[in-house]
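K.L.:
Have a look at this one.
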Amino acid sequence: MTTNTGQAPDPPQLASKKTKAPASAKAVSKEWLLPAALLALSAVPLAAGAFRLSELAGGAEITPANARFFASPLPVVLHILSASMYAFLGAFQFATGLRQRMPGWHRAAGRFLVLCGLLVGLSGLWMTLFYSRPAGTGELLYVLRLLFGSAMVVSILLGFAAIRRGNANRHRAWMMRGYAIGLGAGTQVLTQLVGALIIGPPSELGEALQMGAGWVINLAVAEWAIRKRPAPPARMASPRVSH
């Protein structure tokens, strides 16, 4: 027996929208997982940078650990401000849906991030070369900072050159590598924490290895993500016409 409730059935289009709504919400939430994870990873370094700026602005007591920053504050201020913008805005460049919905914003933010990333790398290199070395910094860590700082600058320049030539895939790959190096400070918090739990206070060699591991882990993840992306479709050759 069929019971008539007196209510007309939903039109096919409305019914399809109802079934697609949960899937769409799930896709949106998945889209923001990676940016949220990147922001979480950069939270501790950003907080440490804010603390350093408050020290410089508030006239904190000068100690052997911070004397180099008070003697020449401009490089560290530029480094902290540019790194904060690079980490924060850069995370949103990984939201695929946002890039597709707002390509103009993606391009404008990308140009600004190129400037920020270069400032991060160059100011980091300047501080490594010209600031007095803090206690516990050995030769290996000194070389690693120069190596990865230079690699970050080169990656950003190669990514910028690639997009100027219209090669979006190479642009994306090099920018991911540059961002991975720039976010190394966040992973280094984790590697140093694990090292402290396992072996206790590190030696000069242990400190260098823990810091280097942060950069290597980030680059390894970036390379995995780059290679995981499906290859762009090959261009079809135009058929030749015989005369």
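K.L.:
Restricting attention to the stretch 136-155, which residues are under 21 Å from Val77 (Cα atoms) and surrounded by 18 or more Cβ atoms within 10 Å (Cβ to Cβ)?
P.N.:
Residues satisfying the conditions are Arg145, Phe148, Gly149, Met152, Val153.
K.L.:
Go through the stretch 165-183 and give me each residue that's among the basic types (Lys, Arg) and either surrounded by 17 or more Cβ atoms within 10 Å (Cβ to Cβ) or assigned to a helix (DSSP H, G or I) (or both). Even if it seems obvious, please write down each step before you answer.
P.N.:
Quick first cut of the stretch 165-183, residues among the basic types (Lys, Arg) only: 165, 170, 172, 177.
Correct list: Arg170, Arg172, Arg177.
K.L.:
Still on this structure: Being crowded, with 17+ Cβ neighbours inside 10 Å and in contact with a Phe, Trp or Tyr (Cβ under 8 Å, 6 or more places away or on another chain) is the requirement here; does Gly124 meet it?
P.N.:
Criteria not met by Gly124.
K.L.:
Right, something else. Quick one: Arg133 ticks every box in (1) basic (Lys, Arg); (2) assigned to a helix (DSSP H, G or I); (3) under 19 Å from Val77 (Cα atoms) except a single one, so which number is it?
P.N.:
For Arg133, the exception is condition (2).
K.L.:
Take the residues in the stretch 58-94 that are of a type in the set (Val, Ile, Thr) and free of Cβ contacts under 8 Å to residues at least 40 places away in the same chain; name whichever of them is nearest to Val153 (Cα to Cα).
P.N.:
Ile80
Per-residue answers, yes or no, for (1) touching a helix residue (DSSP H, G or I) at 6+ places or on another chain (Cβ under 8 Å); (2) more than 19 Å from Ser150 (Cβ to Cβ); (3) assigned to a loop (DSSP other than H, G, I, E, B); (4) without any contact (Cβ under 8 Å) to a residue 40 or more places away in the chain:
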site	(1), (2), (3), (4)
Ala185	yes, no, no, no
Thr191	yes, yes, no, yes
Leu197	no, yes, no, yes
Pro201	no, yes, yes, yes
Glu207	yes, yes, no, no
Gly212	yes, no, no, no
Trp215	yes, no, no, no
Asn218	yes, no, no, yes
Ala222	yes, no, no, no
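K.L.:
Scan the stretch 143-158 and tell me whether some residue there is out of contact with any Asp or Glu (no Cβ under 7 Å at 6 or more places or on another chain), at pLDDT below 95 and in a helix (DSSP H, G or I).
P.N.:
There is no residue in the stretch 143-158 that is out of contact with any Asp or Glu (no Cβ under 7 Å at 6 or more places or on another chain), at pLDDT below 95 and in a helix (DSSP H, G or I).
K.L.:
With respect to the numbered conditions (1) in contact (Cβ under 8 Å) with a residue 40 or more places away in the chain; (2) of a type outside the set (Asp, Glu); (3) under 20 Å from Ile217 (Cα atoms), which one is the sole condition not fulfilled by Asn169?
P.N.:
(3) is the only condition that Asn169 fails.
The values are calculated or read from the model by the stated rules, or taken from the named source; none is laboratory data. Computed from a prediction, not measured in an experiment: that's the story for all the values here. Because the Cβ atoms are built from the backbone with ideal geometry, glycine has one as well, and the counts that use them run over all protein chains shown.
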